[in-house]
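Report on one structure; see the data block that follows.
Since every read-out is calculated from the coordinates, none of them should be taken as a lab result. The model shown is predicted, which means the values in this text are computed figures rather than measured ones. Using ideal geometry, Cβ is built from the backbone for each residue, glycine included, and neighbour counts are taken over all protein chains shown.
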Amino acid sequence: VSTTAAPAVMRGDTRARGSSAGRSGPVAWMALPALGFFIAFGLVPLLGVFGLSFAQWDGIGAIHPAGFSSWRAVLKDPGLPHSLWVTFLVMFLSWAVQTPASILIGVFLAGRQRYREILAVLYFIPLLLSSAAIAITYKALLDPNFGLGAGLHIGLLTQDWLGKEKLALGVVIFVVSWQFIPFHSLIYQGGVRQIPTSMYEAAEIDGAGRVRQFFSITLPQLKNTIITSSTLMTVGSLTFFDLIFVLTGGGPGDATRVLALDMYKLGFQANLMGPASAIATILVLVGLVLALLLRRLGGGAAAGSQLEGA
Amino acid sequence: VESMFTSRRNFLGLLAAGGAAAGLAACGGNSGPKSSSGGAAGGSSGSASYWYLTGAPGEGIRTDTVKRFNAANPNTQIKATTFQNDAYKTKIKTAIGAGQAPTIIWGWGGGGLKTFADAGQVEDLTSWFAQNPAVKNRLFQSSFDAATINGKIYAMPAETVQPIVLYYNKKLFDKVGAQPPQTWGDLMALVPKFNSAGIAPFSLGGQSRWTNMMWLEFLFDRIGGGQVFQAVFNGEKNSWSNPDAIKALTEMQNLIKANGFIKGFSSITADSNADQALLYTGKAAMMLHGSWVYGSIGTLAADFVKGGNLGYMSFPPVDGGKGDPTDTVGNPGQYLSISSKATAEQKDIAKKFFTTAVLSDAESKEWIDTGSVPIVKGTDSVLASSKDAEWLKFVYGVSSGAKQFAQSWDQALSPTAAETLLDNIAKLFQMSVSPQQFATNMNQVIGK
């Protein structure tokens, strides 16, 4: 809930700045409900979590202040660098798989042909399914004894998909990509359709081929779209939980235990709310730093200089 | 959850990660169950609340017991609310933490019950049992261990006893001409025999982790005796490094190295019953599992059980081991506690429920009909006349004849230690930690 409120406030801000000063009053007023929700469900719990990270609490008894002991326990635990590493690995690899695939599919779907529109609808289907349902389905398909490979007697598909550390990580990245490529393709489709056709016409007169056009016009013109989509992918992958929880439960061993899963296990299975809150705080910080970095990469103000004559 | 997740991705949220943190705080803080709180917090006289698990056949039997009680006591009603297993485990914790617990708390005893007792959230029933010896004496005495914390009884044992047994597929044993293992040596010798016949020796739902734990529970007991884990339970320093513990962990890895378990066991979960399917479809010859599995195999593969193909036995002794071969592990029962936040009237209703309704003859019969042994003494005659007589007599014999009936480790230990334990067991079965590393990791959470 907090996250739906947050951008609403930001959007309100930019609009107020962009429009004339006289109209900013009522617009600011309209942002109030969103601001209220954001404070109640975003900021207050965030401060609560930060406070809890300096306390000892099992979720049932009284909350005792514990100073830095949770932080010390979390930072000393070899599980933390491992979880951070797995989180970044999932983030980077799923980004590296999704981005090129989404751009290509997006460019393909931007064409106005009828069959492409039908394909677009089909591509969209994974996005309609819940993560838990996807995870359960894949788990059944990948079962080494009763799954797809065993059923069709295809040796290549009959692997211990979720039982080998590297394979399990690969499966997680594959399923995440399968689930979210449609969404990012949609963003790229919109981005490609915004590129003025005059640029392609000019390129054609200059004798540029399809591939040249793609690398010299489409890709540079998609710069901002790539940044938006990458921000969504990276920050979103920090909160991957449901899919991994159902698919592998963080296993085998701790091969796919991302930070969000680590937080859940510490807080709700091991009853250690203090260290879990410390991890939650780390998650928030990592998310903030990442998002800021990506915005910096985008070059903020230069956004306007993308159209004709750039 | 999904809509939240999608919207999270739809927006350029700097605070997307914060959402997870917010969720943590919201759940931990005050997300108590609003719909069902009336019974406990509302304090309306004449009615108590009772939360328990869904899922056949237990749910129906629990509901029938409540119905019988309500019909017999029109003025003192019990209001029942049911939950799915995993959801319940989280919900009951948050509800108790928020002071919104039901009057009667259904649970597993052991370490979980201890957290509630330490927080002063459940009623001490020691004196009540002393005043009502009839209630106490009709139940298996071994079932009280997991309800007793520092010499005080905090829960009423209920329902059925569920020891872990070794199941085997008789057809496959005939096919390769093998006999059920009488010792651990026999068991290890069976491994290459089945493997060369293209049959996996053991089925295992390794992704569920507690399934692997059952193996260690028996190996620890058979090799070093019950005192090895008892020392861990008592919080003795470095007790996981006991030479017998290391030996048990080493034997465990020997079996894994010898390909004792079906290929890909770490991808198999117990909740999907895929591990049971491997046994009755003839892909695996043996399986170590809880007694509750008998009922579910009976449902999933009725012909297999009816045809007498399902064999079962106690875990074999280890040559030269110190443990008593009659020792067993599992769930010695289920546990009903009374919330200390309930009103005096509600507590009285709960106690009346414990005395008159829990494991009444009618309820016991329902459990027996589903192939389970209720924790009531002297049901042998009823068991003998049931359709699963042979099986029930076996379970009754194992449970009542056990020199020690140990509670499952993950239930006996505190939730904190249990999570570390399951985690390290998964790594031990992955062969990514050695027995010594396992002991070192586990020594760090002793007494936590």
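From other protein chains only, count the Cβ atoms within 10 Å of every residue's Cβ in B:376-382, then give the mean.
Rounded to a whole number, the mean comes out at 0.
Test of understanding: ordering B:Ser208, B:Ser434, A:Ser131, B:Ser127 by Cβ neighbours within 10 Å, fewest first, what list do you get?
Ordered by Cβ neighbours within 10 Å, fewest first: B:Ser127, B:Ser434, B:Ser208, A:Ser131.
State, to one decimal in nm², a quarter of the convex hull surface area for the C-alpha atoms of the range A:86-137, i.e. the direction-averaged projected area.
Its average projected convex-hull area is 4.6 nm².
Around A:Ala55, which amide H atoms from residues at least 5 apart in sequence, or from another chain, sit under 5 Å from its own amide H, with H modelled in the peptide plane?
A:Ala66
Just check the range A:47-124 against the gyration tensor rule for me: Cα atoms, a ≥ b ≥ c as the square roots of the eigenvalues, rounded for a/c under 1.5, and otherwise prolate or oblate depending on whether a/b exceeds b/c.
It comes out prolate by the Cα gyration axes.
Relative contact order, percent, of chain A when contacts are C-alpha pairs under 8 Å separated by at least 6 residues?
Across chain A, relative contact order equals 25 percent.
Using only atoms on other chains, find how many Cβ atoms lie within 10 Å of each Cβ of peptide B:412-419 and report the average.
Per residue, the average neighbour count from other chains is 4.
Pairs of lysine in the range B:166-282 with Cα under 27 Å and at least 8 positions apart or on different chains: total?
Here the count comes out as 15.
Would you mind estimating how fast the range B:238-378 diffuses translationally, via Stokes-Einstein at 37 °C and 0.692 mPa s with the Kirkwood radius over Cα pairs, in µm²/s?
Translational diffusion coefficient: 169 µm²/s.
With point charges of +1 on the Cβ of Lys and Arg and -1 on the Cβ of Asp and Glu, referenced to the Cα centre of the range B:332-400, which listed residue (B:Gln334, B:Ser372, B:Phe394) lies farthest in the positive direction of the dipole?
The Cα lying farthest towards the positive end belongs to B:Gln334.
So what is the diffusion coefficient of chain A in µm² per second by Stokes-Einstein at 4 °C and 1.567 mPa s, using a Kirkwood Rh over Cα pairs?
In µm²/s, the coefficient rounds to 58.
Pairs of alpha-carbon atoms within less than 8 angstrom and 6+ residues apart define the contacts here; what relative contact order does the range B:247-321 have, in percent?
16 percent
Looking at the square roots a ≥ b ≥ c of the eigenvalues of the Cα gyration tensor of the range B:295-361, which shape do they give, rounded for a/c under 1.5, prolate if a/b is larger than b/c, or oblate?
oblate
For B:Ile105, what residues show an amide H to amide H distance below 5 Å, using hydrogens built from the backbone and excluding near sequence neighbours?
Result for B:Ile105 returns B:Ser337, B:Ile338, B:Ser339.
Report the relative contact order of chain B, percent, no decimals, based on alpha-carbon pairs under 8 angstrom and at least 6 residues apart.
Computed over chain B, the figure is 25 percent.
Indicate the gyration tensor shape class of the range B:334-440 (rounded, prolate or oblate), computed on the Cα atoms with a ≥ b ≥ c the square roots of the eigenvalues: a/c under 1.5 is rounded; otherwise a/b larger than b/c is prolate and the rest oblate.
Oblate, since a/c reaches 1.5 and b/c is not below a/b.
Among B:Pro243, B:Ser143, B:Gln437, whose Cα lies farthest out toward the positive end of the dipole of chain B, if unit charges sit on the beta carbon of Lys, Arg (+1) and Asp, Glu (-1)?
Going by the Cα projections, it comes out as B:Gln437.
Would you mind checking which residues have amide H under 5 Å from B:Val318's amide H? H placed 1.01 Å from N; only 5 or more apart, or other chain.
Excluding prolines and chain starts, which carry no amide H, the hits are B:Trp184.
Among A:Ser229, B:Gly264, A:Gln194, which residue has its Cα furthest toward the positive end of the charge dipole of the protein assembly as shown, with +1 on Lys/Arg Cβ and -1 on Asp/Glu Cβ?
Looking along the dipole axis, the top candidate is A:Gln194.
To the nearest 500 deg cm²/dmol, what mean residue ellipticity at 222 nm is calculated for chain B from DSSP H runs of n ≥ 4 alone, each contributing -39,500 (n - 2.57), summed and divided by the residues?
-14000 deg cm²/dmol
Evaluate peptide A:263-270: per residue, the Cβ atoms of other protein chains within 10 Å of its Cβ; return the mean as an integer.
Taking the mean over all residues of the peptide, I get 6.
Report, in debye and to the nearest 20, how large the dipole of the protein assembly as shown comes out about its Cα centre when Lys and Arg carry +1 and Asp and Glu carry -1 on their Cβ.
Value, rounded to 20: 1380 debye.
Considering only B:Pro163, B:Pro133, B:Pro180, give the residue with the highest GNM mean-square fluctuation for chain B, with springs between Cα atoms whenever their separation is below 10 Å.
B:Pro133
Report, for chain B, the % of DSSP beta bridges that are antiparallel, rounded to 5.
60 percent
Take every DSSP beta bridge whose two residues both sit in the protein assembly as shown, then give the antiparallel share in percent to the nearest 5.
60 percent
Could I have the simple spin-label model distance between B:Ala71 and A:Val289, label points 7 Å from Cα toward Cβ, reported in nm to one decimal?
Rounded to a tenth, the inter-label distance reads 6.5 nm.
Quick check on chain A: helices-only [θ] at 222 nm, where DSSP H runs of length 4 and up contribute -39,500 (n - 2.57) each and the sum goes over total residues. Nearest 500, please.
My calculation for chain A gives -21000 deg cm²/dmol from helical runs alone.
Looking at the P(r) of chain B, how many percent of alpha-carbon pairs lie beyond 28 Å?
54 percent
Quick one: divide the alpha-carbon radius of gyration of the protein assembly as shown by 2.2 N^0.38 Å and tell me what you get.
1.07
Can you compute 3J(HN,Hα) from phi for each residue in the range B:87-92, using the Karplus curve 6.51 cos²θ - 1.76 cosθ + 1.60 with θ = phi - 60°, rounded to whole Hz and x for Gly and Pro?
Values, residue by residue: 5, 5, 4, 6, 5, 5 Hz.
Using the count of nearby Cβ atoms within 10 Å as a rough guide to exposure, how do A:Met199, A:Met263 rank from fewest to most?
Taking fewest neighbouring Cβ atoms as first place, the list is A:Met199, A:Met263.
Explain nothing, just compute: Karplus ³J(HN,Hα) = 6.51 cos²θ - 1.76 cosθ + 1.60, θ = phi - 60°, for every residue of the range B:406-419 in order, whole Hz, x for Gly and Pro.
Couplings: 7, 7, 3, 4, 5, 8, 6, 7, 5, x, 5, 5, 5, 5 Hz.
Just to check I understand the Karplus step: with θ = phi - 60° and J = 6.51 cos²θ - 1.76 cosθ + 1.60, what whole-Hz values come out for the range B:167-179, glycine and proline as x?
After applying 6.51 cos²θ - 1.76 cosθ + 1.60, I find 8, 8, 8, 4, 4, 5, 5, 5, 4, 8, x, 10, 10 Hz.
So how much slack lies between A:Ile125 and A:Phe92, counting 0.36 nm per residue of separation and subtracting their Cα-Cα distance, in nm?
9.4 nm
Rank the residues A:His153, B:His289 as a footprinting-exposure proxy: fewest other Cβ atoms within 10 Å of their Cβ go first.
A:His153, B:His289
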